[in-house]
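See below for the structure under consideration.
The values are calculated or read from the model by the stated rules, or taken from the named source; none is laboratory data. Every value quoted in this text rests on a predicted model; they were computed, and no experiment measured them. Note that we place each Cβ from the backbone using ideal geometry, even for glycine, and neighbour counts take in every protein chain shown. Surface areas here come from the heavy atoms of the whole protein model, side chains and all, with no ligands, DNA or RNA. Shrake-Rupley method; radii C 1.70, N 1.55, O 1.52, S 1.80 Å.
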Amino acid sequence: MPGSLQTASPNTQASPGTVRGWVYDPTLAGNEAVKLSRQRSQRAEDQNTAKRFTAQLKLNWDIGEHTSIVNSTFYERSSDTTDATGAFQVQSRDRIFDNRFELRHSFEFGGGIVDDSNTGVIYRRETNRSIAANNSFGVINAYDLTLDPSTKNPGDLLGITTSNPNGGNAAWIGTAGTPQFSNYFGWLNLPPMYYAGNGLYAESVASYTAQSAWTTITAFTQHNLKIGDFAGLNVGGSRSWVDASIKNPFPLAGASERKDDGDFKLYSVQASPYVKPTENSTIYFTYDRSIAINTGGFASGLSWGSGAGANLLNPLQFKSLSELYEVGIKAEPIAGKLFLTLAGFKQARDTSPDQFNNIARLKVEGIETTLRYQPNEAWRTGLNFNYLSAYNEYTSQAGFAPRGFVPDNGTVFSDSNVLNQLPAGRFDAVQIPKYNLSGYLDWRHPSGFGAELSGWLTSPWYLNLSETVRIPTSYNLDLGLFYRQPRWNAQIQVQNLTDQRNFVSGLTGSTNTFLQPTRGRSIVAQFGYNF
């Protein structure tokens, strides 16, 4: 960083500057390729927490030979915090209450025609509060990973000299809304974030800082019509009424109130006819279409709109369309021992909102097949294979580094597309391997001892739209040894048996630039007791 400016910095306190993006010059000393440990970039200062409490209750009343009433209740409360590089910080809280009441009845019409039905009402209430900051997080691309990981934060990268007196990993922001002095660039304007308690900071006006609540009442009916032993029809539908609201849970002093509410309607329909050419085979077709609520961002909540609707509920979250066409066959060539499936499908659906509040529409075509074989009580094996061809019908390239990371001293990265100005449009889907193969082999002794070998293999895939990062063909094997009894069980599992270096995407979104290595060879021990 020293010497970044060839002359005196033009960024004065009266006229501060802004860092918009970076370029990488591989010819400078220290900028050559370096091999690092997969643990090298981890920061002891980055701490995430998660707390969950769940409760379920199911009651069943048989009121006749063919009729029953079922009531299922679910409750969950959760609290999570995220603190990454002093720039990406989230405090979220979620509450869910769900009650499903249904009447189940079997109608017998004679001639082998039977309709197993369930009809009822669902009441669901969910509240979510997300107080978050994603401030200068994109500069993570410019960090020197050969240095002390503690310096991997915007304050050290930019050479900020003052800190917010409240402390915390994001104290480098200084006093929000006022220019901060950088040893490298002079005076800078920084995107504001404010102390939000618990050692964390947040942005007040952002799509991901929101307190939302929504109540959904759904009426549904589902019918499984059997026509003898040779054909049938599964058909169903639902209609939902949603009452939703949103407000700013982190307003600044003197700011105008930011809130909105609205009513919305959702629906779903599904039909699946089938025929049975033989006793042990079924050919089916499925059509499924639904409009649902699309939550996302940094928590499972609703978010604000954009542009002129920045202070309103995002209407796209209540218009999330999913449509599926599927045809397939299920067969049991050797009764009780060998089971096979083969299916082809086409699906179109909206993806969850990303951190920039973009909702892409994903279209997928694929083939799936499974095999399950159990020659005797001791041995079990299975294989799964799928082929996927997917693209985003329309997606934005607004992201941290839309052109990818190119060490040519010219391609700008970490600009959130402010400088690159790449257009939105149709792109092949990324982070989705075209081919996937997985399987397992399981052996169990009557005494309770057993072993299982499982694994997967994926074809190459790209990290983001720029296709500058390609993950090669990858595989993983896990080996487990277990002992199981009716009241208790114990298991030791060696994960990533061959210590492969595999990767997953570090963030969701097609313009993500973060790649995360998976765990190396490790041993996990488990013990369970049934009360």
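Just to be sure, is T127 touching a residue at least 60 places away in the same chain (Cβ under 8 Å), open to solvent by less than 70 Å² (accessible area, probe 1.4 Å), over 28 Å from F298 (Cα atoms) and in a strand (DSSP E or B)?
Considered against the rule, which asks whether it is touching a residue at least 60 places away in the same chain (Cβ under 8 Å), open to solvent by less than 70 Å² (accessible area, probe 1.4 Å), over 28 Å from F298 (Cα atoms) and in a strand (DSSP E or B), T127 comes out as no.
Of the numbered conditions (1) open to solvent by 70 Å² or more (accessible area, probe 1.4 Å); (2) more than 30 Å from N141 (Cα to Cα); (3) charged (D, E, K, R), D478 fails exactly one; give the number of that condition.
Every listed condition holds for D478 apart from (1).
Scan region 449-475 for residues that are open to solvent by less than 70 Å² (accessible area, probe 1.4 Å), touching a Pro at 6+ places or on another chain (Cβ under 9 Å) and not polar (S, T, N, Q) and jot them down.
Of everything in region 449-475, those that are open to solvent by less than 70 Å² (accessible area, probe 1.4 Å), touching a Pro at 6+ places or on another chain (Cβ under 9 Å) and not polar (S, T, N, Q) turn out to be P460, W461, L465, I471.
Between Y440, Y435, which is open to solvent by 60 Å² or more (accessible area, probe 1.4 Å) and closer than 27 Å to A348 by Cβ?
Y435
If you take the residues in region 494-518 that are closer than 26 Å to Y394 by Cβ, out of contact with any helix residue (DSSP H, G or I) (no Cβ under 7 Å at 6 or more places or on another chain) and in a loop (DSSP other than H, G, I, E, B), which one is modelled with the highest pLDDT?
F514
So which residues in region 174-191 are touching a helix residue (DSSP H, G or I) at 6+ places or on another chain (Cβ under 8 Å) and buried (at least 18 other Cβ atoms within 10 Å of the Cβ), if there are any at all?
Q180, S182, F185, L188, L190, listed by residue number.
Give region 216-236 a look and list any residue that's more than 23 Å from the chain's Cα centre (by Cα), farther than 17 Å from S272 by Cα and surrounded by 16 or more Cβ atoms within 10 Å (Cβ to Cβ), or say none.
Within region 216-236, just T218 meets the criteria.
Looking at region 252-280 only, could you name the residues that are touching an Asp or Glu at 6+ places or on another chain (Cβ under 7 Å) and open to solvent by less than 70 Å² (accessible area, probe 1.4 Å)?
Listed by number, the residues that qualify are Q270, K276, N280.
Filter region 393-424 for residues that are open to solvent by 40 Å² or more (accessible area, probe 1.4 Å) and either among the small types (G, A, S) or closer than 17 Å to N134 by Cα (or both) and give the result.
Passing the criteria: G410, S416, V418, A424.
Within the bounds of region 483-493, is there any residue that is open to solvent by less than 70 Å² (accessible area, probe 1.4 Å) and not in a strand (DSSP E or B)?
Within region 483-493, one or more residues are open to solvent by less than 70 Å² (accessible area, probe 1.4 Å) and not in a strand (DSSP E or B).
How about region 61-84: which of its residues are open to solvent by less than 50 Å² (accessible area, probe 1.4 Å) and more than 30 Å from P192 (Cβ to Cβ)?
If the condition is that a residue be open to solvent by less than 50 Å² (accessible area, probe 1.4 Å) and more than 30 Å from P192 (Cβ to Cβ), then G64, T67, S68, I69, V70, N71, S72, T73, E76 are the ones that fit.
Is it the case, given these coordinates, that S245 is at pLDDT 95 or above and closer than 30 Å to P192 by Cβ?
yes
Could you go through region 85-95 and let me know if any residue there is acidic (D, E) and either surrounded by 15 or more Cβ atoms within 10 Å (Cβ to Cβ) or assigned to a strand (DSSP E or B) (or both).
Taking every residue of region 85-95 in turn, at least one turns out to be acidic (D, E) and either surrounded by 15 or more Cβ atoms within 10 Å (Cβ to Cβ) or assigned to a strand (DSSP E or B) (or both).
Of everything in region 122-145 that's among the small types (G, A, S) and farther than 11 Å from T85 by Cα, which residue is modelled with the lowest pLDDT?
Only one residue fits best here, namely A142.
Please go through region 494-504 and pick out each residue that is open to solvent by 30 Å² or more (accessible area, probe 1.4 Å) and not acidic (D, E).
The answer is V494, Q495, L497, T498, Q500, R501, F503, V504.
Could you look through region 130-170, keep only residues that are without any contact (Cβ under 8 Å) to a residue 40 or more places away in the chain and under 30 Å from R52 (Cα atoms), and pick out the one that is least open to solvent (accessible area, probe 1.4 Å)?
G167
Collect the residues in region 22-41 that are at pLDDT below 85 and surrounded by 11 or more Cβ atoms within 10 Å (Cβ to Cβ), keeping them in residue-number order.
N31, R38, R40, S41
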